[in-house]
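Only one structure is covered here, and it is reproduced in the block below.
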Amino acid sequence: MGIKAREDEQWPSEEGKKACNIRKNRYKDILPYDSCRVTLDPLPGDEGSDYINASFIEDMNGLQCLHRQPGTT
């Protein structure tokens, strides 16, 4: 059974579907888009250590804000 994320070709969410990142997603169908996801500093030799289920979004003033999916690690 695969992940059925809400996406299309223009807004892929491939990082959230990787085996090393699946457990970090509270909801399996809510993943950050690859183009605006927050990336952490990777740990050497630890695949997926740069992933968190969070996205940068713009507020009404055009400022970037961090949006983290509640309950994720």
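Rule-based calculations on the coordinates, nothing more; no lab input. Values in this document were obtained by computation on a predicted structure and should not be read as measured data. Here Cβ is always computed from backbone atoms with ideal geometry, including for glycine, and neighbour counts include all displayed protein chains.
Diagonalising the gyration tensor over the Cα atoms of segment 14-73 and scaling each eigenvalue by 5 before taking the square root yields semi-axes of 21, 14, 9 Å, largest first.
Peptides 50-57, 18-25 ranked from most to least packed give 50-57, 18-25, packing being the mean of other C-beta atoms within 10 angstrom over each peptide's residues.
Counting Lys and Arg as +1 and Asp and Glu as -1, what is the net charge of the other residues whose Cβ lies under 15 Å from the Cβ of Pro42? With Lys, Arg at +1 and Asp, Glu at -1, the net is -2. Using 7 Å Cα-to-Cβ label points, what is the Phe56/Asp41 separation (nm, one decimal)? Distance between label points: 1.8 nm.
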